[in-house]
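Accompanying notes for the structure given below.
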Amino acid sequence: MASFSDGSPSVKVSIASMCQNLEYADIPLLSEIKKGEALDFAVVVIGSNDVYTESADAIVHNLMRLRRLLAARDVEVILCTLYVNLEDRTSWPYAAEVCDEVNSQLLQEDGIIDTDGLFKTLTREMWANTYHLTTEGYHEFGRRLAEVVAERFRFDATVPLTLSPGSLFLQGPGDFVHRLLQGTYVKESGTNHGRPIYKKMGARGTTRVFLFYWDANDGPEWNGWWLGPSLSFDHPGWGFHASTGNEPPLEGWKVPPSGPVSNLDLRL
């Protein structure tokens, strides 16, 4: 990632155009993929050009749209916050307000890296000018970004000898998504659609995974147990089981939700 940051510091692409191209491109949806994954995750780092002309809601909408399109193609997406330098914050207060509002909305989501904070840690010598880093600066920024990404996808391969009441362990084969899901889950307070909620244990900054139930009020296709980053369907989810039992089923999970039954198993 440091090498990529060093070599590609000034690529400018319209997010709206990118989304449109993805919607019409011949890239199969996850349910249509018959072979192993080609791309596991993408880190989206965007410049701050849009904060001078667009609203915060429009910028966030396009970023979340891009995330949904890539997630539907089995790509985990990490979004980065925006950055406006001190000089432009003084000269363009509207841009600063938009930037801050975008970041505020993004940081409420999972899978967000505070690149605004990373930029502020770089020394003055690493900046070529007000808007661009030096070669060394891009390399250092990429290195620090890679550290955050590596922490997020730090997989838990430890199999517990025993499980405490209210917890369970989920284990599967060695591909990216199954390793992302593997780990110990602890029952949360409260319920969702009348069933318990479990959350994967993990250090701060690692991927957030929930195991939860959804009833048939929104349609029979949603009815069952799900594995996903939130108790909603902004993300297509990583796993699904059509069981309507009071507790999550031990086997028979589909990973991804529209795919075949996998070797994922659950131990209480």
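The values are calculated or read from the model by the stated rules, or taken from the named source; none is laboratory data. It should be emphasised that the depicted structure is a prediction, and the values quoted were computed from it without experimental measurement. Every residue, glycine as well, gets a Cβ built from its backbone with ideal geometry; the counts of neighbours run over all protein chains shown.
Just to be sure I understand, how many residues within the stretch 167-210 are within 18 Å of Trp253 (Cα to Cα) and free of Cβ contacts under 8 Å to residues at least 60 places away in the same chain? First the steps, then the outcome.
Looking only at the stretch 167-210, we keep the residues that are within 18 Å of Trp253 (Cα to Cα), and these are 168-185, 195-200, 209-210.
Still in the list and also free of Cβ contacts under 8 Å to residues at least 60 places away in the same chain: 174, 179, 182-185, 195-200, 209-210.
Result for the stretch 167-210: 14.
Could you please find all residues in the stretch 172-186 being crowded, with 17+ Cβ neighbours inside 10 Å, outside any loop (DSSP other than H, G, I, E, B) and either modelled with pLDDT of 90 or more or touching a Leu at 6+ places or on another chain (Cβ under 9 Å) (or both)?
His178, Leu181, Gly183, Thr184, Tyr185
Exactly one condition in (1) surrounded by fewer than 16 Cβ atoms within 10 Å (Cβ to Cβ); (2) among the charged types (D, E, K, R); (3) modelled with pLDDT under 90 is not met by Asp114; state its number.
(3)
Mind checking whether some residue in the stretch 107-126 is among the β-branched types (Val, Ile, Thr) and part of a loop (DSSP other than H, G, I, E, B)? First the steps, then the outcome.
Within the stretch 107-126, the first condition is being among the β-branched types (Val, Ile, Thr), and the residues that meet it are 112-113, 115, 121, 123.
Now drop any that are not part of a loop (DSSP other than H, G, I, E, B), which leaves 121, 123.
Among the residues of the stretch 107-126, at least one is among the β-branched types (Val, Ile, Thr) and part of a loop (DSSP other than H, G, I, E, B), which makes the answer yes.
Return the pair list, or none, for Cβ contacts closer than 6 Å from residues in the stretch 77-100 that are outside the structural domain of Thr53 (by TED's automatic domain parsing) to residues that are of a type in the set (D, E, K, R) and part of a helix (DSSP H, G or I), at least 6 apart or on different chains.
none
When both residues are 6+ apart or on different chains and their Cβ atoms are under 8 Å apart, which pairs have a first residue that lies in the stretch 55-69 and is without any contact (Cβ under 8 Å) to a residue 60 or more places away in the chain, and a second that is of a type in the set (Phe, Trp, Tyr) and buried (at least 20 other Cβ atoms within 10 Å of the Cβ)?
none
Look at the stretch 249-268 and say how many of its residues are loosely packed, with under 14 Cβ neighbours inside 10 Å and part of a loop (DSSP other than H, G, I, E, B).
5
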